[in-house]
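Notes follow once the structure below has been shown.
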Amino acid sequence: MTSNILEIKNIKRHYPVSGGILSLSKATIKAVNDISLEVKSGETLGLVGESGCGKSTLARLLTGLEAPDSGTIFFNGKPFQEWDSSKIGTMIQMVFQDPYSSLNPRQKVGNIISEGMRIHKTGSRKEISMRVEELLVQVGMRPEHAKRYPHEFSGGQRQRIAIARAIAMNPDLIVCDEPVSALDVSVQAQVLNLLKKIQKEFSLSYVFISHDLSVVSHISDRVAVMYLGKLMEIAPTEELYHNPLHPYTQILLEAVPIPDPTIQTADIAIMGDIPSPIAPPSGCPFHTRCPKAMDVCKNNQPVRNEVKEGHTVFCHLY
Ligand code: SF4
């Protein structure tokens with residue numbers, strides 16, 4: 001049986017915002033609002049949703065960069081609070097969206113990749129420098145690139161450097177937050193293939209966050225769909241793409257471009273704008289945009305419903 005590397009139980013992260021006269025009126029952004037899910041060892045869990053749905057906040061919670069207001073995150077069966085924070089920092093790494101701002105422009109590539117190894121004194125200077133060269137080769141770069149600065153590289157090459165930095169300390173899990181969305185389409189496939197290769201070589205688990213369903217389908221074993229800080233549907237990738245049950249997932253998939261001019265796809269604009277996370281709709285958060293909304297949806301939140309093994313949906317239709 002596959003064990004879970006990460007288990008998230010009922011986590012919430014709300015941010016207070018002040019406004020109005022003298023900034024006295026207080027409201028709350030419910031960025032992550034009672035989410036439970038698990039990441040199995042060795043799998044890639046895709047996390048999709050529109051911008052503002054809480055994906056990036058969830059990424060920061062999963063890497064320990066932020067703590068949830070309530071709920072618990074278990075890593076290898078043990079709550080985050082019981083781990084040494086520096087240990088969590090090495091076992092869970094992150095690859096960020098923007099390879100231009102995520103690499104320190106004043107540091108040489110070798111120093112960027114070796115930072116964790118130097119802090120944790122994993123070897124002599126010579127050993128660390130040899131390891132950096134090895135890592136560069138593993139991500140498709142050349143050993144001599146260690147002596148150059150980030151600005152000397154393209155976006156795709158910088159993302160390769162960010163991946164080398166992420167794997168330098170032999171992590172168990174990498175959270176990839178929109179890792180290819182800042183790259184040209186031609187380069188996206190190369191970086192996705194590199195992530196797959198690295199996953200096999202290092203027995204890694206990934207949480208892969210993106211707003212792009214076609215990108216997520218290429219890399220994920222399972223996909224979780226998020227909307228306004230909540231989960232809408234989780235299923236194995238094949239199942240989700242061929243048998244989407246939640247109306248939100250169905251509309252998202254209809255809006256994915258299909259390279260066949262004879263197939264008409266729906267325009268995502270028919271859904272209107274995503275409501276503000278400061279005042280999310282009551283009941284099902286999707287009811288203001290859902291073409292199948294019923295009276296019950298306005299006031300009652302749908303609960304988790306496993307309609308078949310591994311396929312879970314949060315919707316009153318099921
Ligand atoms: Fe639509 Fe109701 Fe299902 Fe929400 S619960 S997705 S509003 S049918």
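The values are calculated or read from the model by the stated rules, or taken from the named source; none is laboratory data. Please read these numbers as outputs of a predicted model, since none were measured by experiment. No Cβ is skipped: glycine too gets one built from the backbone with ideal geometry, and neighbour counts run over all protein chains shown. The protein model used for the area step is the full one, side chains on, heavy atoms only, and it has no ligands, DNA or RNA in it. Shrake-Rupley method; radii C 1.70, N 1.55, O 1.52, S 1.80 Å.
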Given just the C-alpha atoms of the chain, how large is their convex hull per residue in cubic angstrom? 165
Given unit charges at Cβ for Lys, Arg (+) and Asp, Glu (-), the dipole magnitude of region 167-318 about its Cα centre in debye, nearest 20, is 320
So if I take the centroid of the Cα atoms in region 61-140 and the same for region 291-313, what is the distance between those two points in Å? 38
Among all the lysines, which ones have a C-alpha under 30 Å from residue 196's C-alpha, if same-chain residues fewer than 8 places away are not counted? 9, 40, 55, 78, 87, 108, 121, 126, 147, 230, 308
Computed FRET efficiency, Cβ-Cβ of residue 295 and residue 65, R0 30 Å: what is it to the nearest 0.05? 0.15
Given Cβ point charges of +1 (Lys, Arg) and -1 (Asp, Glu) and nothing else, what value in debye, to the nearest 20, does the dipole of the chain about its Cα centre take? 1080
Once the dipole of the chain is set up from charges on Cβ (+1 Lys and Arg, -1 Asp and Glu), the residue from the list 44, 285, 168 lying farthest towards its positive end is 168
Placing +1 on each Lys and Arg Cβ and -1 on each Asp and Glu Cβ in the chain, then taking the dipole about the Cα centre, the residue among 276, 251, 17 whose Cα reaches farthest towards the positive end is 17
Could you calculate the contour length gain from residue 307 to residue 120, that is, 0.36 nm times the residue separation minus the distance between their Cα atoms, to one decimal place in nm? 62.7 nm
Accessible area of the chain divided out per residue, in Å², using a probe of 1.4 angstrom: 49
Quick one: compute the contact order of the chain, relative version, from alpha carbon pairs under 8 angstrom and 6+ residues apart, as a percent. 20
When the dipole is taken about the Cα centre of region 67-138, and only Lys, Arg (+1) and Asp, Glu (-1) are charged at their Cβ, what size is it in debye, to the nearest 20? 360
Once amide H atoms are placed 1.01 Å from N in the peptide plane, what residues at a sequence separation of 5 or more from residue 69, or on another chain, have their amide H within under 5 Å of its amide H? 12, 13, 14
Using 0.36 nm times the number of residues separating residue 111 and residue 137, minus their current alpha carbon distance, what extension gain do you get? 7.8 nm
